[in-house]
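Taking it in order: structure first as structure tokens, then the write-up.
Each reported figure results from applying straightforward, stated rules to the coordinates on display, with no laboratory input. Quick caveat: nothing in here was measured; it's all calculated off a predicted structure. Here the Cβ positions follow ideal geometry from the backbone for every residue, glycine too, while neighbour counts run over all protein chains shown.
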Amino acid sequence: MGRWEPNAQGRLEKAALELFSEHGYEQTTVAEIAERAGLTERTFFRHYADKREVLFAGTPHFRENFVGTVVSAPELLTPLQVVRAAAEAAGAALEEFRGRDFARARQRIIVANPELRERELIKLADIAMGMADALRARGVDDPDATMAAELGMAAFRVAFERWLTDAAERTLSELIEEALASVSAVLG
């Protein structure tokens, strides 16, 4: 094994997804991931704290897409319009950075493991809290800030699930727009 090979993180990610899919998350070890990637365990731990983090490594960037868009949105937008812009920006970044195939593989692994499902829900709740905080910083009072953020995250989750299974392969942004239109229809 060479001392340095390019794209160690990408190779570890690919190896982990393959092994989690083949053998299950619980049965896969860090040593197996590193070996499949052609790297050492030490290299694995330079990039990730544990095997779970392979699936959640992009969380800070993903959160920043949501919250950063709320912070920088034009002042004239309503709270729900701001949240819509944030969800669409984060969705576009997810599509571009990870793609549907990665997201499908990742989601299958998460759905099959209660610990990972819990971690995913905590991640989404943290993003919603971050958006609500950013809305409050924009002058939106509670409960409106919290409600807009939670509705936006709910619409994003519905759109994301549809995106993974959409036979027409519409974009995540299109499905977010559709989900938020449903929210508006439900609210009247």
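Below, the figures for the structure above:
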| quantity | calculated |
| --- | --- |
| Charge-dipole axis of segment 31-129 as Lys and Arg at +1 and Asp and Glu at -1 on Cβ define it, positive-most pick from V67, Q81, F56 | F56 |
| Between 0 and 90°, nearest 10: helix 59-72 axis offset from the chain longest Cα axis | 20 |
| Principal axis dimensions, largest first and in whole angstrom, of segment 105-188 by Cα | 39, 30, 18 |
| Degrees, to the nearest 10: 114-137 long Cα axis against longest axis of the chain | 40 |
| Segment 8-50 - Kirkwood radius from inverse mean 1/r over Cα pairs (Å) | 9.9 |
| Helix-only mean residue ellipticity at 222 nm for the chain, each DSSP H run of n ≥ 4 adding -39500 (n - 2.57), per residue, nearest 500 | -25000 deg cm²/dmol |
